[in-house]
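Below is one structure, written out as structure tokens; comments come after it.
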There are 4 protein chains.
Amino acid sequence: MNIEIEKLRKQLPEWVKSSVPHSSAGKVASYIPELAKASHDALGITLLNTKGEFASAGNFEMCFTMQSISKVYTLILALMDNGEDKVFSKVGMEPTGDNFNSMLKLELVRPGIPFNPFINAGAIMVSSLIHGSSQQEKSERILQFFKELANNNNLKHDEDVFHSELESGHLNRSIAYFLKGNGVLDGDVEEVLQIYFCHCSILVNCADLARMALVLACDGTDPLTGKELIPHRVVQIAKTFMTTCGMYNASGEFAIQVGLPAKSGVSGGILALVPGRYGIGVIGPSLNDKGNSQAGIELLEKISQEMKWSIF
Amino acid sequence: MNIEIEKLRKQLPEWVKSSVPHSSAGKVASYIPELAKASHDALGITLLNTKGEFASAGNFEMCFTMQSISKVYTLILALMDNGEDKVFSKVGMEPTGDNFNSMLKLELVRPGIPFNPFINAGAIMVSSLIHGSSQQEKSERILQFFKELANNNNLKHDEDVFHSELESGHLNRSIAYFLKGNGVLDGDVEEVLQIYFCHCSILVNCADLARMALVLACDGTDPLTGKELIPHRVVQIAKTFMTTCGMYNASGEFAIQVGLPAKSGVSGGILALVPGRYGIGVIGPSLNDKGNSQAGIELLEKISQEMKWSIF
Amino acid sequence: MNIEIEKLRKQLPEWVKSSVPHSSAGKVASYIPELAKASHDALGITLLNTKGEFASAGNFEMCFTMQSISKVYTLILALMDNGEDKVFSKVGMEPTGDNFNSMLKLELVRPGIPFNPFINAGAIMVSSLIHGSSQQEKSERILQFFKELANNNNLKHDEDVFHSELESGHLNRSIAYFLKGNGVLDGDVEEVLQIYFCHCSILVNCADLARMALVLACDGTDPLTGKELIPHRVVQIAKTFMTTCGMYNASGEFAIQVGLPAKSGVSGGILALVPGRYGIGVIGPSLNDKGNSQAGIELLEKISQEMKWSIF
Amino acid sequence: MNIEIEKLRKQLPEWVKSSVPHSSAGKVASYIPELAKASHDALGITLLNTKGEFASAGNFEMCFTMQSISKVYTLILALMDNGEDKVFSKVGMEPTGDNFNSMLKLELVRPGIPFNPFINAGAIMVSSLIHGSSQQEKSERILQFFKELANNNNLKHDEDVFHSELESGHLNRSIAYFLKGNGVLDGDVEEVLQIYFCHCSILVNCADLARMALVLACDGTDPLTGKELIPHRVVQIAKTFMTTCGMYNASGEFAIQVGLPAKSGVSGGILALVPGRYGIGVIGPSLNDKGNSQAGIELLEKISQEMKWSIF
């Protein structure tokens, strides 16, 4: 393992360098001013193995909001809070091939039941299932859970991003009311949206993502503390969704070209893992037309192919 | 004309009687408790000619909320307030073949622009275009306009229906936020929905509808007062939409079988007209699967075929 | 009437001249070489009144294939051969808002039943309902019927167009097999397609279209011969479809802006009528993005508005 | 390994017995008479490890046609014949969430390019890419390849099934002409369909499937002969598609509940594999509403969970 981490440390700078130019084909998200500020050409990565050894390169110290990456862990918390049966009575298990904010399938198939927990409709549904006596408590429980997983007590929300999303998030509001109108979503829509936008706005860097991913790579136990944070079966479910639906409607291509469980976010972050071996955090704000980090995917493809890491 | 109204007065009771049984195949709307109270087998009709002569039969004195029928006249008011160009930059002119609350076409074609002003998405858009300095003033202008058209100063909102719709109207809320999220709808969504639900909740009876329809039958001038209430071109636009999109996704069939400009509502009301000759109001709360009055359509089909009134 | 035809004869050249430039925004159909040959800037029109008086202007003597315009008369023949009930068990009555060759609704709603007889799926279905003991006899019956309607014994097929369409018409073939696979279309697909492409390839000029339209304008009787060629009810059905679905997914806009029953074809032809008064034939090969003659629509809009001919 | 195969041999009969009753909830395919003959309650399985040791139970000796299972290996052959770039210019990599014979996405997204090689549209496209100078030679090459993979020189087509499919396969014919009409499919449609229906009609039993699967489990090399039959990268692509799209629009659920690369067919067969360890063949003709073997999936779920075989 030592040898592998050394190889990674040596090669990473070059791989990052050759991936950066791919950023130029993409665009930084600009639907809220906070995201638009991110550097177009930034690219950073951190890999963390089960002994706690790091390999990092590029702008790996950059901070960014988790956005859709948080959906992996709210799904996990919802499964721990409610059990599989309850969760899957409210959200499906299938990839869709549609855009992340598409409502097409909601209307056409089994009306109102989101196809999977990683499209926006599904993630909003999942947010509504988190236990807690108030919106504040639910959001606090999520943040606390993320702190444990990242082993970082300093995680916090980006209040500006949160408020901007809340104000401008009309398409997500539309989705939530559609779910409400079809009797799938219980509770107050605005409260659910606050929970949703709240966990999307949690600030992390590549090391945080790598640590959070490492817990999944080790089936729920943090290998560096020995603590079991997530039941094995729940991790299995999460990793399966990351493989089939983790990269929006480019998940199939990512599975073919990279072959690692992963989840991307609109801030340009990607969380990925090599089962039993590595947690990985990537940031590259320039997005391709499917909403994934253009340079980040390029970088992961290079690493996975060089290291022969595809799970397939 | 005298002869025709006499024939109608004589035949109507029998035609109503033979149409009532068709109610049994339908269902009274029940998404809010106020609508659910309506009598399943009620059926009433009033026809009014240009001399002010009435022919009525059945439960024609029953009161009911206008619901989607109001969309004809808010479209007219929006056209009078804004002109054709402005209105048709925000809403299309095409029938859809989809359900009245479908969002399918919103997503697939020219995103966010409702296909026509009579589907819910289009009517909500139209409500947002009514002039006025506040929601109250806009709603008041609409009511005032309807009073003039019905020549009835006692028209008022059903407050219970209004509040029930406002509370439970999550699918319409979803549509409105979708329009907002796509940059088509300006202004505050809840305010627009209040205007929309407000005009849907205006209480009328068959005579009110017949009088309002008669104004359209006479190209915008009330033949009984001689007042020009609507410009001719605006009436032409309204009658065209009534013909191509007035009966939800059964408009094509209605055009073939009845052949009169008409508009239906979920309370079971139908407003129809015979150009130059009659305004018609119908009420029959039991709805078919497309959302139109089951017995009401049957009755109009019988009358139109017997009287040879199809405009085609 | 004399005065009107004189006014038309006087004004038409100017109206044609001012409409021609609109051709530049469109494109001549080029999916088969025969259509691509048509002159991009050609525009011609013939109007024919019930006394047999003509008004013509521009390239009105040009010959072209009827294409989708023929669908009006094959529907009529199918209704005369089979009755309403049989025909409408195989094809619907609703406008769709989708492209003419879209299969979307076929799959989503009441699978396999085309939404109306003027989209390709519906017209292919209708072609399969024409009576006759063989494909040749069916095609011959159609041609004979068209000859009577146009009062022109010289009507014939354009064999080159027919064979080109047959060879390249894979999307229509796809539609036909879809109908066959869903148990809606009986008989041999290739035979049905031959009938379909055969009537689409009938050659006409503006005068032929005007005469065929005049029969519909006069409720089925040719006013110049006094012969009843089509039952009144069948004409009524045809005129209704022309109004709600005659111009593909721009039918709603055409109804608002022109307000006449009409049917367009991909060769750039338009057949229209003024009830009780005029049959109209137009040719203008440059098509807009909905597949209708760009300059032809412009011209009809001008005439209808100047003459106040909208039926609404 | 010895111990595991012994455990399997001991437990399998009981697992089969407890899975059989699930057949009652499903239906045997009946669109052609040959498939309808299959026994509704049949259920059989064969597992084969890398030492050539078998564990079998139930009706494992039953013969059936491969149907969609063949799509895995024609994709492989097409990739070996043409390379990744060529194949993926004609077919996508994404799961769809739609029915196997849906044309929805073909029309809506990147028209004419099938979403993945396992839906019918994609598999027909792939069939057209197999090299050979004639339809007969292409079909012969496919059969020869399958014989090598199954190590069974007696594999042959079921001529009755082939001819029935060819005669009744109008929806597949519709799909093929749609691809042709959009310029994606080259060559003669009927010839391509013959190749497609031909490989779907290859007769196998559970042992054949297990052997063919074992080659994939061992990254392309038959562990019992030592022959490299498929390049490693091509196997990787095939296994990825099996995981994301192998069970029609229930692939996501299968990944969560079973977690093995697999492919099902309408005859009730399922091919699955445990990477590096087992090839598996299952037959159970009664299908659930997604088109997968009802009892077969139940059985695989039981085995995978008991043996902890999920790859996630």
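The values are calculated or read from the model by the stated rules, or taken from the named source; none is laboratory data. All values derive from a computational prediction rather than experimental measurement. Note: ideal-geometry Cβ built from the backbone for every residue, glycine included; neighbour counts use all protein chains shown. These area figures cover heavy atoms from the full protein model, side chains too; ligands, DNA and RNA do not enter into them. Shrake-Rupley method; radii C 1.70, N 1.55, O 1.52, S 1.80 Å.
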Take residue B:56 and tell me if it is open to solvent by 10 Å² or more (accessible area, probe 1.4 Å) and farther than 20 Å from residue B:262 by Cβ. no
Tell me, which helices (runs of 4 or more DSSP H) wholly within region D:136-215 include 2 or more residues that are in contact with a helix residue (DSSP H, G or I) (Cβ under 9 Å, 6 or more places away or on another chain) and of a type in the set (Phe, Trp, Tyr)? D:170-181, D:189-200
Pair list, Cβ < 7 Å and 6+ apart or interchain, from region C:1-12 residues that are in contact (Cβ under 8 Å) with a residue 24 or more places away in the chain to residues that are surrounded by fewer than 13 Cβ atoms within 10 Å (Cβ to Cβ): C:1/C:51
Residue check: is residue D:275 closer than 28 Å to residue D:7 by Cβ and out of contact with any Ser or Thr (no Cβ under 7 Å at 6 or more places or on another chain)? yes
Kindly provide the set of residues from region A:95-111 that are closer than 25 Å to residue B:98 by Cβ, open to solvent by less than 20 Å² (accessible area, probe 1.4 Å) and either touching a Gly at 6+ places or on another chain (Cβ under 7 Å) or modelled with pLDDT of 95 or more (or both), ordered by number. A:96, A:97, A:105, A:106
Taking residue D:135, is it away from chain C (no Cβ under 14 Å), among the polar types (S, T, N, Q) and free of Cβ contacts under 8 Å to residues at least 40 places away in the same chain? no
Scanning region C:147-166 residue by residue, those more than 14 Å from chain D (Cβ to nearest Cβ), open to solvent by less than 20 Å² (accessible area, probe 1.4 Å) and touching a residue at least 60 places away in the same chain (Cβ under 8 Å) turn out to be C:149, C:150, C:161
Please tell me if residue D:79 is modelled with pLDDT of 95 or more, within 13 Å of chain A (Cβ to nearest Cβ) and closer than 23 Å to residue D:221 by Cα. yes
Please state which of the following conditions residue C:250 fails to meet, knowing it meets all the rest: (1) within 11 Å of chain B (Cβ to nearest Cβ); (2) out of contact with any Lys or Arg (no Cβ under 6 Å at 6 or more places or on another chain); (3) small (Gly, Ala, Ser). (2)
Identify, from the list D:56, D:39, D:30, D:70, the residue that is hydroxyl-bearing (Ser, Thr, Tyr), on the phi < 0 side of the Ramachandran plot and without any contact (Cβ under 8 Å) to a residue 60 or more places away in the chain. D:30
Looking at A:288, A:292, which is the one that is closer than 24 Å to residue A:31 by Cα and open to solvent by 10 Å² or more (accessible area, probe 1.4 Å)? A:288
Among the residues of region D:23-42, count how many are over 18 Å from residue C:181 (Cβ atoms) and open to solvent by 50 Å² or more (accessible area, probe 1.4 Å). 7
Quick one: in region C:32-76, which of the residues that are among the charged types (D, E, K, R) and part of a helix (DSSP H, G or I) is nearest to residue C:9 (Cα to Cα)? C:71
Search result, residues across region B:251-283 that are more than 14 Å from the chain's Cα centre (by Cα) and open to solvent by less than 10 Å² (accessible area, probe 1.4 Å): B:252, B:255, B:256, B:258, B:259, B:274, B:278
Select from region D:215-246 the residues that are open to solvent by less than 10 Å² (accessible area, probe 1.4 Å) and either more than 10 Å from every other protein chain (Cβ to nearest Cβ) or closer than 17 Å to residue D:145 by Cβ (or both) and list them in ascending order. D:215, D:216, D:217, D:220, D:222, D:230, D:235, D:237, D:238, D:246
Inspect region B:295-309 for any residue being open to solvent by less than 10 Å² (accessible area, probe 1.4 Å), among the aliphatic types (A, V, I, L, M) and within 16 Å of residue B:72 (Cα to Cα) and give the result as yes or no. no
Could you tell me whether residue D:203 is under 15 Å from the mean Cα position of the chain (by Cα), buried (at least 24 other Cβ atoms within 10 Å of the Cβ) and not β-branched (Val, Ile, Thr)? no
Taking region B:89-134 and keeping only residues that are part of a helix (DSSP H, G or I) and over 17 Å from residue D:108 (Cα atoms), one is left with B:120, B:121, B:122, B:123, B:124, B:125, B:126, B:127
Return the residue satisfying two criteria in turn: it lies in region A:87-109 and is within 8 Å of another protein chain (Cβ to nearest Cβ) and among the small types (Gly, Ala, Ser), and of such residues it is farthest from residue A:173 (Cα to Cα). A:97
State all residues of region B:167-191 that are among the hydrophobic types (A, V, I, L, M, F, W, C), more than 8 Å from chain A (Cβ to nearest Cβ) and surrounded by fewer than 24 Cβ atoms within 10 Å (Cβ to Cβ); if no residue qualifies, say none. B:184
Lone qualifier among A:204, A:234, A:215, A:192 - being under 30 Å from residue B:185 (Cα atoms), at pLDDT 95 or above and of a type in the set (Val, Ile, Thr): A:192
Failed criterion for residue B:84 (all others in (1) within 14 Å of chain C (Cβ to nearest Cβ); (2) crowded, with 19+ Cβ neighbours inside 10 Å hold): (2)
Looking at residue C:306, is it among the charged types (D, E, K, R) and free of Cβ contacts under 8 Å to residues at least 60 places away in the same chain? no
